[in-house]
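Visitor: Below is one structure. I have some questions about it.
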Ligand SMILES: Cc1cc2nc3c(=O)[nH]c(=O)nc-3n(C[C@H](O)[C@H](O)[C@H](O)COP(=O)(O)OP(=O)(O)OC[C@H]3O[C@@H](n4cnc5c(N)ncnc54)[C@H](O)[C@@H]3O)c2cc1C
């Protein structure tokens with residue numbers, strides 16, 4: 001009999017883990033608390049509109065190809081990737097705009113137009129980003145950091161590349177124009193990092209985008225989730241939604257299965273949690289199974305910021321708006337401090353606007369357009385009463401969009417709704433309503449992030465944004481790759497678990 005694996009959660013981390021477990025010969029059962037799969041990448045359906053709830057920017061598409069190849073399939077037979085051009089259009093408060101594109105010549109042309117004095121600096125910066133990528137991504141992203149010595153081994157390289165300094169301070173070294181500095185430092189926000197203190201190693205995201213481009217799944221990210229579900233189900237995995245797990249059962253130091261909220265107990269040889277490890281350690285395991293201080297340390301970790309996301313459909317199209325638009329506000333550093341440090345809700349915004357129909361017309365009904373707008377906001381530690389402010393905040397954002405990007409917007413809206421930090425805390429079960437899990441700072445990276453193999457409970461593993469290497473689709477897919485290094489050799493898990501029983 002093949003050993004049984006239970007995966008808690010069907011985010012991209014959980015689905016990627018399911019693929020890799022199937023490829024190793026496990027029987028796999030995925031248990032998802034919500035009524036739809038995908039986690040942050042679920043789909044909200046409203047009438048004729050379908051909105052991807054979260055991730056839309058696909059970088060490093062080869063990581064998806066690898067998953068299909070693991071089970072002997074071709075990704076192209078399940079879902080198509082479309083290139084996005086420009087990657088992003090950035091609009092500044094002074095009315096100027098900048099197209100961030102993949103093509104070197106066009107990109108240098110854009111820099112020359114915006115800030116001629118920064119062309120040489122950008123060339124140097126991009127070489128620096130590539131060198132960081134060669135180490136931080138190529139060598140480390142899918143490797144386990146189970147021992148402190150794994151971390152110490154990389155210190156000389158990090159030091160040589162100044163990768164311990166903040167992304168902003170590295171960019172500032174090469175780029176003089178304030179607007180260009182913003183363009184080249186906002187990327188860490190997409191994985192929950194404050195550009196002012198996220199370590200320079202995250203500059204690798206810039207090179208990652210330049211190297212493999214920015215893509216969109218035809219039919220939306222929801223189509224990519226469905227493709228992965230089809231892939232695992234064809235290989236015999238079972239996926240159950242509306243199946244929240246309350247407890248991970250531990251016997252004699254080994255994970256033996258789970259207890260669901262409805263009281264059912266399911267046994268397994270190994271358990272892989274795509275759920276937030278902070279909540280696993282503080283609420284889902286008998287504290288006697290954990291080493292002293294594990295739960296207290298988990299509680300004290302610093303969570304990333306949260307998000308306000310407004311979804312809306314219109315009865316006309318906005319052809320001048322690109323797929324990914326970044327609308328930068330009048331303040332950058334001050335706004336970041338409001339979000340990450342002062343934890344107050346500012347009156348000004350920096351927004352990301354998603355218009356998928358710009359790349360794939362099928363993403364909105366004929367003659368209509370569909371959008372989401374995302375505003376980084378403080379996490380639930382702020383004490384902001386979202387029940388009171390949410391509607392007003394959304395109205396203010398729509399006003400800003402109407403003024404700066406989408407003329408006549410409010411009159412054309414036919415459907416709208418929003419999510420705020422309460423959604424991340426209550427629906428997605430993330431500590432403090434963090435949108436991206438632990439904040440990516442040096443002391444919460446690699447060895448200091450949640451490890452993929454639980455140090456206390458044999459047969460318990462973690463994948464997803466809270467584990468090494470971190471949030472974002474490339475990060476969570478790599479976390480499932482790390483799993484392959486930390487799982488026992490095939491068959492050993494089964495034997496060990498039988499011993500514990
Ligand atoms: C609005 C938004 C936009 C983003 N845009 C991008 C982007 O464009 N590109 C990019 O690369 N990244 C993006 N990100 C980040 C990216 O979406 C996430 O880092 C990634 O999807 C997280 O995947 P995950 O598997 O770690 O977690 P999740 O997607 O959160 O999945 C975890 C799953 O576990 C389930 N679960 C939790 N607890 C339990 C339990 N006890 N029992 C059963 N199930 C449980 C949850 O319901 C959830 O389905 C975005 C994030 C957000 C929020």
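Visitor: Scan the strands (runs of 3 or more DSSP E) fully inside segment 187-288 and keep the ones with 1 or more residues being without any contact (Cβ under 8 Å) to a residue 60 or more places away in the chain and farther than 30 Å from residue 87 by Cβ.
Guide: Filter on segment 187-288 gives 245-251, 254-260, 265-267.
Visitor: Okay, moving on. Return only the number of the condition from (1) in contact with a strand residue (DSSP E or B) (Cβ under 6 Å, 6 or more places away or on another chain); (2) within 25 Å of residue 371 (Cβ to Cβ) that residue 40 does not satisfy.
Guide: The failed condition is (1).
Visitor: Please verify whether residue 169 is more than 23 Å from residue 351 (Cα to Cα), surrounded by fewer than 21 Cβ atoms within 10 Å (Cβ to Cβ) and away from the ligand (no atom under 16 Å from the Cβ), treating the condition exactly as stated.
Guide: Against the criterion (more than 23 Å from residue 351 (Cα to Cα), surrounded by fewer than 21 Cβ atoms within 10 Å (Cβ to Cβ) and away from the ligand (no atom under 16 Å from the Cβ)), residue 169 does not qualify.
Visitor: Sticking with this one: Does any residue of segment 300-315 turn out to be more than 29 Å from residue 464 (Cβ to Cβ) and either at pLDDT below 95 or in a loop (DSSP other than H, G, I, E, B) (or both)?
Guide: Yes, because at least one residue in segment 300-315 is more than 29 Å from residue 464 (Cβ to Cβ) and either at pLDDT below 95 or in a loop (DSSP other than H, G, I, E, B) (or both).
Visitor: Which one of these does residue 341 not meet: (1) out of contact with any helix residue (DSSP H, G or I) (no Cβ under 8 Å at 6 or more places or on another chain); (2) more than 30 Å from residue 243 (Cβ to Cβ); (3) surrounded by 22 or more Cβ atoms within 10 Å (Cβ to Cβ)?
Guide: Unmet for residue 341, out of (1) out of contact with any helix residue (DSSP H, G or I) (no Cβ under 8 Å at 6 or more places or on another chain); (2) more than 30 Å from residue 243 (Cβ to Cβ); (3) surrounded by 22 or more Cβ atoms within 10 Å (Cβ to Cβ): (3).
Visitor: Okay, moving on. Within segment 382-396, work out how many residues are touching a strand residue (DSSP E or B) at 6+ places or on another chain (Cβ under 6 Å) and surrounded by fewer than 18 Cβ atoms within 10 Å (Cβ to Cβ).
Guide: 0
Visitor: So which residues in segment 43-52 are in contact (Cβ under 8 Å) with a residue 40 or more places away in the chain and either surrounded by fewer than 23 Cβ atoms within 10 Å (Cβ to Cβ) or outside the structural domain of residue 225 (by TED's automatic domain parsing) (or both), if there are any at all?
Guide: Passing the criteria: 43, 44, 46, 47, 48, 49, 50.
Visitor: Can you tell me which of 437, 433 is farther than 26 Å from residue 214 by Cβ, modelled with pLDDT of 95 or more, within 13 Å of the ligand (Cβ to nearest atom) and in contact with a strand residue (DSSP E or B) (Cβ under 8 Å, 6 or more places away or on another chain)?
Guide: When all the criteria are applied, what remains is 433.
Visitor: Name the one entry in 365, 287, 356 that is surrounded by fewer than 20 Cβ atoms within 10 Å (Cβ to Cβ) and not assigned by TED's automatic domain parsing to the domain that holds residue 37.
Guide: 365
Visitor: Would you point out the residue of segment 26-48, among those that are assigned to a loop (DSSP other than H, G, I, E, B) and within 11 Å of the ligand (Cβ to nearest atom), that is farthest from residue 436 (Cα to Cα)?
Guide: 35
Visitor: So if I check each of 377, 389, 414, 419, which one is within 15 Å of the ligand (Cβ to nearest atom), over 28 Å from residue 172 (Cβ atoms) and not assigned by TED's automatic domain parsing to the domain that holds residue 14?
Guide: Answer to the selection: 419.
The rows are residues; the columns are (1) closer than 29 Å to residue 86 by Cα; (2) surrounded by 24 or more Cβ atoms within 10 Å (Cβ to Cβ); (3) free of Cβ contacts under 8 Å to residues at least 60 places away in the same chain.
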{"position": "30", "(1), (2), (3)": "no, yes, no"}
{"position": "39", "(1), (2), (3)": "yes, yes, no"}
{"position": "57", "(1), (2), (3)": "yes, no, no"}
{"position": "60", "(1), (2), (3)": "yes, no, no"}
{"position": "70", "(1), (2), (3)": "no, no, yes"}
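Visitor: Do you know which residues across segment 354-380 are over 17 Å from residue 423 (Cβ atoms) and in contact with a helix residue (DSSP H, G or I) (Cβ under 7 Å, 6 or more places away or on another chain)?
Guide: Correct list: 356, 357, 363, 364, 369, 370.
Visitor: Could you grab me the full set of residues in segment 150-162 that are part of a helix (DSSP H, G or I) and either surrounded by 20 or more Cβ atoms within 10 Å (Cβ to Cβ) or touching a strand residue (DSSP E or B) at 6+ places or on another chain (Cβ under 6 Å) (or both)?
Guide: If the condition is that a residue be part of a helix (DSSP H, G or I) and either surrounded by 20 or more Cβ atoms within 10 Å (Cβ to Cβ) or touching a strand residue (DSSP E or B) at 6+ places or on another chain (Cβ under 6 Å) (or both), then 158 is the only one that fits.
Visitor: Here is a follow-up. Just one of 218, 251 is touching a helix residue (DSSP H, G or I) at 6+ places or on another chain (Cβ under 6 Å) and farther than 17 Å from residue 14 by Cα; which is it?
Guide: From the options 218, 251, the qualifying one is 251.
Visitor: Specify which of the listed residues (470, 464) is within 11 Å of the ligand (Cβ to nearest atom), in the same structural domain as residue 12 (by TED's automatic domain parsing) and more than 30 Å from residue 46 (Cβ to Cβ).
Guide: 470
Visitor: In segment 397-412, what count of residues is obtained for those that are farther than 14 Å from residue 351 by Cβ and touching a strand residue (DSSP E or B) at 6+ places or on another chain (Cβ under 7 Å)?
Guide: 1
Visitor: Only one of these is touching a helix residue (DSSP H, G or I) at 6+ places or on another chain (Cβ under 8 Å), under 25 Å from residue 324 (Cβ atoms), modelled with pLDDT under 95 and outside the structural domain of residue 361 (by TED's automatic domain parsing): 224, 203. Name it.
Guide: When all the criteria are applied, what remains is 203.
Visitor: Got a sec? Which strands (runs of 3 or more DSSP E) wholly within segment 72-149 have at least 1 residues that are within 24 Å of residue 331 (Cα to Cα) and touching a residue at least 12 places away in the same chain (Cβ under 8 Å)?
Guide: 88-91, 97-100
Visitor: I want to confirm something. Restricting to segment 82-95 and keeping residues that are closer than 23 Å to residue 361 by Cβ and away from the ligand (no atom under 13 Å from the Cβ), which single residue is surrounded by the fewest Cβ atoms within 10 Å (Cβ to Cβ)?
Guide: Here the answer is 83.
Visitor: Continuing with the same structure: Answer yes if at least one residue in segment 49-67 is away from the ligand (no atom under 16 Å from the Cβ), touching a strand residue (DSSP E or B) at 6+ places or on another chain (Cβ under 7 Å) and not in a loop (DSSP other than H, G, I, E, B), and no otherwise.
Guide: Within segment 49-67, one or more residues are away from the ligand (no atom under 16 Å from the Cβ), touching a strand residue (DSSP E or B) at 6+ places or on another chain (Cβ under 7 Å) and not in a loop (DSSP other than H, G, I, E, B).
The values are calculated or read from the model by the stated rules, or taken from the named source; none is laboratory data. Note that the structure is predicted; figures quoted are calculated from it, not measured. Backbone-built Cβ (ideal geometry, glycine too); neighbour counts: all protein chains shown.
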